[in-house]
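Heads up, the thing below is written out as structure tokens.
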Amino acid sequence: MDKHQQYETVFNHFDDNGDGKISPSELQQCVGSIGRELSIEDAKAAVLLMDSDGDGYLCLDDFVRFLEGAGEEEKAKDMREAFKMYEMEDCGFITPKSLRRTLSRLGESKTIDECKVMIAYFDLNGDGVLNFDEFKVMMAC
């Protein structure tokens, strides 16, 4: 079963009345089933935002975009948390010293020079540190 078929199965499960559309209350139930909270107001806002034909409901394609968008949002949040782990004192970038410190905590011993080389490889603007965008590039590799 491919990803689209999986989404369709989930969609059909939460389409309580079988009308081929997900209402805000059905969306709220769907999100609740995975242990997340979504108020009815937020569900209505999400439907309004993702509703491609303006009928006040999510069709299957809208629903897929909603699920994939939520996944991207979660990935971005995880990426931010990972960045903060490497970042030194909330300065907005990763230095060779902060990279060395974090790697050491993770059981990987590196010298400052080795950390400078690692950073230089992904340091797109050449300032000797990694900002969040450069960190995302590094993590994608």
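Where a number appears in this text, it was derived from the coordinates with a stated rule and is not lab data. Predicted, not measured: the structure shown is a model, and the values here were computed from it. Note that we place each Cβ from the backbone using ideal geometry, even for glycine, and neighbour counts take in every protein chain shown.
The value for the range 9-68 of Rg(Cα) / (2.2 N^0.38 Å) is 0.98. The trypsin sites (Lys or Arg not before Pro) of the range 19-105 that DSSP puts in a loop, and whose beta carbon has at most 12 other beta carbons within 10 Å, are Arg36. In summary, no helical segment of the chain meets the span-like criteria, namely a full DSSP H run, a Cα extent along the axis of 27 angstrom or more and a mean Kyte-Doolittle hydropathy of at least 1.6.
In the chain, excluding the sites themselves, the longest stretch lacking any of the GluC sites (Glu not before Pro) that are in a DSSP loop with at most 14 other Cβ atoms within 10 Å is 38-88. Here the spin labels are modelled as points 7 Å beyond Cα on the Cα-Cβ line, and at Met79 and Asn131 they lie 1.4 nm apart. Here, the chain has an Rg and a Dmax of 21.2, 63 Å when only alpha carbons are counted.
Ranking Ile22, Gly92, Phe63 by Cα position along the charge dipole of the chain, where only Lys, Arg, Asp and Glu carry charges on their C-beta atoms, puts Gly92 farthest toward the positive end.
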